[in-house]
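See below for the structure under consideration.
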Amino acid sequence: MVYALIVAFLALQLLVILAPMLRFAKCFRRETPASAEQQTSVVIMPCKGVDNALVETIRRLLQQDYRDYALLFVTESEQDPAHAVIKGLIADAPCPARLIVAGPATACGQKVHNLTTAVNALDEFFPDTEIIAFCDSDAQPQTDWLTNLVAGLADPEVGVATGYRWYLPAGSGLGSLLLSAWNAQSLFLFGDQSSFAWGGTMAMRRVDFENMEIRRRWRGGVSDDGSVTTAVRSHGRRIQFVPRCLVASRGDASLRDVLEFTNRQLILTRVYMPRAWREIVAFTLYFCALFVLVGVLLYRAFAQQELPEGVVNLLLPGMGFAMVLQCWLQTTFAMRILPQHRDELRRLRWAYLGILPLVAPLALWNVIVSCVSRRIVWRGIGYELLGPNQTVIWKRDLPDPRSI
């Protein structure tokens, strides 16, 4: 009886690990090849402050292998440090590029305000735009990023095509590694029927953007991608994950930065994407219970308390194998999509394995905070989220040294 229960438990554990990875792999195999007919596209990048990767990100956007595209950058003001940097980089751009100013937000997120201003400017600068793509300033897209992202819209049932980020530790500190490992767990939310769109890498047909009234949905909000996710789902359309649009981001963070960032992600998810939030809560509770079980069993083993034979020779090795398999699968997919980071990701495999026991309690803390708080700090601005379209800015110019 004991062995049967152990085998059933290990089978469940493997299912929990393999099911999302298989969904990811299925999506990778079905990825739509880039079309020879590329629609006129504009990439919008909202910027606030100068990230470590800002210059590299802009250079990569200027080198896309897409035939007919333009770039539209937007900052809060001309005094923003990013404004002068962008202006210098696009002075001799090989593709049409514009830089505009949005002004300070008053009753919504600054990023949403910047994006709304940029979309409103399309008729003036790029009236023939058919595809609107979005890219965060800390992403590092490859040269075929836009080609693959637009190809994700080939199916008319797709309302938005999205990629995601893979944080690579920028430093040797515990915070950077924990941030990377925590973020890697989000891959289980992606597939042909992805749980959400990620605003750092997403694209929509302009006609869909207008028909779904995204500007209205952004009004008074903070989360650009949360509103897009809700809009696409309410219209019965699909969120298409494009694996080749997984982008690398460098995350240099202290433990305090990681807490602030991860809490913010869960609070935003709960307010704007309750379905994805419930999935995250379920996985978090499961894995926390799993690590508690492992801890109790190891404690009893080291305390030389008698354990059933199957626990020692089957359950503990099986659970250890499952953790190794999880880390191996995650990094294998990432290495395939980001071959330029292959050696670094291979080294990270064992680092992820060692830090996984810290990811579970961190995720649990994020869930608890998201249940009791609606306050976040993002790029130095403090917001209170009273609802998806009701935001109060409670403080500006807060310390934001890392900008993750």
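For segment 249-256, the criterion of being within 27 Å of THR331 (Cβ to Cβ), open to solvent by less than 40 Å² (accessible area, probe 1.4 Å) and of a type in the set (A, V, I, L, M, F, W, C) is met by at least one residue. Evaluated against (1) touching a strand residue (DSSP E or B) at 6+ places or on another chain (Cβ under 9 Å); (2) within 29 Å of VAL222 (Cβ to Cβ), ILE368 falls short on exactly one condition, (1).
Residue pairs whose Cβ atoms lie under 7 Å apart, sitting 6 or more positions apart in sequence or on different chains, and linking a residue in segment 95-107 that is within 25 Å of ASP68 (Cα to Cα) and part of a loop (DSSP other than H, G, I, E, B) to a partner that is open to solvent by less than 30 Å² (accessible area, probe 1.4 Å) and not charged (D, E, K, R), are CYS95/LEU62; CYS95/TYR69; CYS95/ALA70; CYS95/LEU71; PRO96/ALA70. Taking LEU189, is it over 30 Å from LEU15 (Cα atoms), surrounded by fewer than 23 Cβ atoms within 10 Å (Cβ to Cβ) and at pLDDT below 95? So LEU189 does not fit the description; no. State whether one or more residues within segment 6-27 are open to solvent by less than 70 Å² (accessible area, probe 1.4 Å), modelled with pLDDT of 80 or more and under 27 Å from SER194 (Cβ atoms). Taking every residue of segment 6-27 in turn, none turns out to be open to solvent by less than 70 Å² (accessible area, probe 1.4 Å), modelled with pLDDT of 80 or more and under 27 Å from SER194 (Cβ atoms). Look at (1) part of a helix (DSSP H, G or I); (2) open to solvent by less than 40 Å² (accessible area, probe 1.4 Å); (3) in contact with a Phe, Trp or Tyr (Cβ under 7 Å, 6 or more places away or on another chain) and you find that ILE376 fails only one, number (1).
Just the residues that are modelled with pLDDT of 85 or more and open to solvent by 50 Å² or more (accessible area, probe 1.4 Å), please, taken from segment 284-322. Can you show your working first?
Of the residues in segment 284-322, the ones modelled with pLDDT of 85 or more are 284-285.
Once the filter is applied, which keeps residues that are modelled with pLDDT of 85 or more and open to solvent by 50 Å² or more (accessible area, probe 1.4 Å), segment 284-322 yields only LEU285.
Would you check if GLU157 is surrounded by fewer than 19 Cβ atoms within 10 Å (Cβ to Cβ), modelled with pLDDT of 95 or more and not basic (Lys, Arg)? When the stated conditions are applied, GLU157 does not pass them.
What number of residues within segment 206-239 satisfy the criterion of being of a type in the set (Gly, Ala, Ser) and farther than 20 Å from PRO46 by Cβ? Give the steps one after another, and end with the answer.
So in segment 206-239, the residues of a type in the set (Gly, Ala, Ser) come out as 220-221, 223, 226-227, 231, 234, 236.
Checking which are farther than 20 Å from PRO46 by Cβ leaves us with 234, 236.
Summing the residues that are of a type in the set (Gly, Ala, Ser) and farther than 20 Å from PRO46 by Cβ in segment 206-239 gives 2.
Among the numbered conditions (1) surrounded by 22 or more Cβ atoms within 10 Å (Cβ to Cβ); (2) in a loop (DSSP other than H, G, I, E, B), the only one that TYR167 does not meet is (2).
Close Cβ contacts (under 9 Å, 6 or more residues apart or on different chains) running from residues in segment 210-238 that are more than 22 Å from ILE267 (Cα to Cα) to residues that are of a type in the set (Ser, Thr, Tyr) and surrounded by fewer than 17 Cβ atoms within 10 Å (Cβ to Cβ) comprise MET212/SER234. Taken across segment 195-218, residues that are at pLDDT 90 or above, crowded, with 23+ Cβ neighbours inside 10 Å and closer than 28 Å to GLY354 by Cβ do occur, with at least one present.
Among the residues of segment 225-275 satisfying the criterion of being in a helix (DSSP H, G or I) and polar (S, T, N, Q), which is nearest to the chain's Cα centre (by Cα)?
GLN265
Of all the listed residues (ALA121, ALA133, ALA82), the sole one being within 23 Å of VAL222 (Cα to Cα), among the small types (Gly, Ala, Ser) and surrounded by fewer than 19 Cβ atoms within 10 Å (Cβ to Cβ) is ALA121.
Residue-level check: of (1) open to solvent by less than 50 Å² (accessible area, probe 1.4 Å); (2) outside any loop (DSSP other than H, G, I, E, B); (3) acidic (Asp, Glu), ASP138 misses just (2).
The values are calculated or read from the model by the stated rules, or taken from the named source; none is laboratory data. Predicted model only: the values in this text are computed from it and were never measured. Glycine gets a Cβ as well: all are built from the backbone with ideal geometry, and neighbour counts include every protein chain shown. Remember, those area values only see protein heavy atoms, side chains included, never the ligands or the DNA or RNA. Shrake-Rupley method; radii C 1.70, N 1.55, O 1.52, S 1.80 Å.
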